[in-house]
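A short write-up of the structure that comes next.
Bear in mind that the values in this text are calculations on the coordinates, not laboratory data. Note that the structure is a prediction, hence the values are computed from the model and not measured. Please note: Cβ atoms are built from the backbone with ideal geometry, for glycine as well, and neighbour counts cover all protein chains shown.
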Amino acid sequence: MGLNRPITVGRIDYANVWPIFHYAEEQLPPERFHIDKRVPAALNRALKQGEIDITSMSSFAYAANAEDYLVFPDLSVSAKGRVNSILLFLKKPLEEVLMGRIALTATSATSVVLLKILMKLYYKAEPSYVTMEPSLDEMLEEADAALLIGDSAIHASWANKERGLTVIDLGELWRNWTGYGMTFALVAVRKEIAQADPRAVSEVLHAMTTSKERSLRNLEPLVAKACAQLGGEASYWTRYFNELHYNFGSDEQAGLMLYFDYAHQLGLLPHEVQLQFFADHAALKVNE
């Protein structure tokens, strides 16, 4: 059993997923595992098309094709409240934005669907939408508000100290409305890959889990990397990583299932979703 080629692992190229990957790559021999870094939307497409085998991916993209994938247990990018990198920037008062036009980032589906859920069910509003590349100035030329995610959202939030735009954190708004945290990304494997080479898939799971645990025990290397590559102060990045959560336990699952239910209710997701998990091959062997 096994594949006669390397396993390709997709990595969202945003700081929010660094704890899962920071130490994982050194545990995955390059002759057997290839790391492919892209924005979430590109990784979502690549997994669906079979170009990659395992990836960190948008929660909504998982839901859209859940019958083809298995979720890695206890790995996610979640927030119990404020997420700091899923931000709606408003150049007009909120009441005008609710009747106006919002520019949506082209780089992720999960946050876009979350915004539409919040607009329809929380604000009882139906603004119009336009999808654009993540450039805040260009987006606000075309619309009354702009949704940015990831590192683009972080840099825009720093620059906003001079601009003074109103900023809404979608993770915080979701928590205040539902009482649940929000899971923005999962790690998933294509079912046929899990069946063809479960040992290799388990290696990836163990590498990511170990990286998560090691990263969260000592954030200093990630904070230093973020300051060097993305700018900002160490205090910001320490808070940023501390306010994110990387487990996928019962609380995270409940919040995500509510999100899926709302998306289905609004016709944004054509079917109901059941989470299916990868059974760790190595753990099963130990317990036999």
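Straight Cα distances below 12 angstrom link LYS91 to the aspartates and glutamates ASP137, GLU141, GLU142, ASP144, with same-chain residues fewer than 8 positions distant left out.
Placing dummy labels 7 Å off each Cα toward the beta-carbon, the span from LYS225 to ALA106 is 2.8 nm. For the chain, the longest principal axis of the C-alpha atoms and the axis of helix 150-163 are separated by about 30°. Magnitude of the charge dipole for the stretch 86-178, about its Cα centre and with charges confined to Cβ atoms of Lys, Arg (+1) and Asp, Glu (-1), is about 360 debye. Spread over its residues, the convex hull of the C-alpha atoms of the stretch 86-178 is 86 Å³ per residue.
Each part reduced to its alpha carbon centroid, the stretch 70-92 and the stretch 1-47 end up 20 Å apart. Extension gain for VAL130-LYS191 works out to 18.5 nm (0.36 nm per residue, less the C-alpha to C-alpha distance). Taken about its Cα centre, the chain carries a charge dipole of about 180 debye when Lys and Arg each add +1 at the Cβ and Asp and Glu each add -1 at the Cβ. Given the choices [x] 56, 37, 33; [y] 88, 62, 37; [z] 60, 43, 32, Cα extents along the principal axes in Å derived from the coordinates of this structure is entry [z]. The gain in end-to-end length when the THR238 to HIS206 segment is fully stretched comes to 9.0 nm, 0.36 nm per residue minus the alpha carbon separation.
Among the GluC sites (Glu not before Pro) in the stretch 1-58, those located in a DSSP loop and surrounded by at most 10 other Cβ atoms within 10 Å of their own Cβ are GLU31.
Once both labels are positioned 7 Å from their Cα atoms along Cα-to-Cβ, the gap between LYS48 and ASP261 label points is 2.6 nm. Within the chain, the longest run free of exposed loop sites, counting trypsin sites (Lys or Arg not before Pro) that sit outside DSSP helix and strand states (H, G, I, E, B) and have at most 16 other Cβ atoms within 10 Å, spans 125-288.
Under the rule of -39500 (n - 2.57) per DSSP H run of 4 or more residues, summed and divided by the residues of the chain, what mean residue ellipticity at 222 nm is obtained, to the nearest 500 deg cm²/dmol?
Counting only the DSSP helices, I get -13000 deg cm²/dmol.
The magnitude of the dipole of the stretch 1-126, with charges of +1 and -1 set on the Cβ of Lys/Arg and Asp/Glu and taken from the Cα centre, is near 560 debye.
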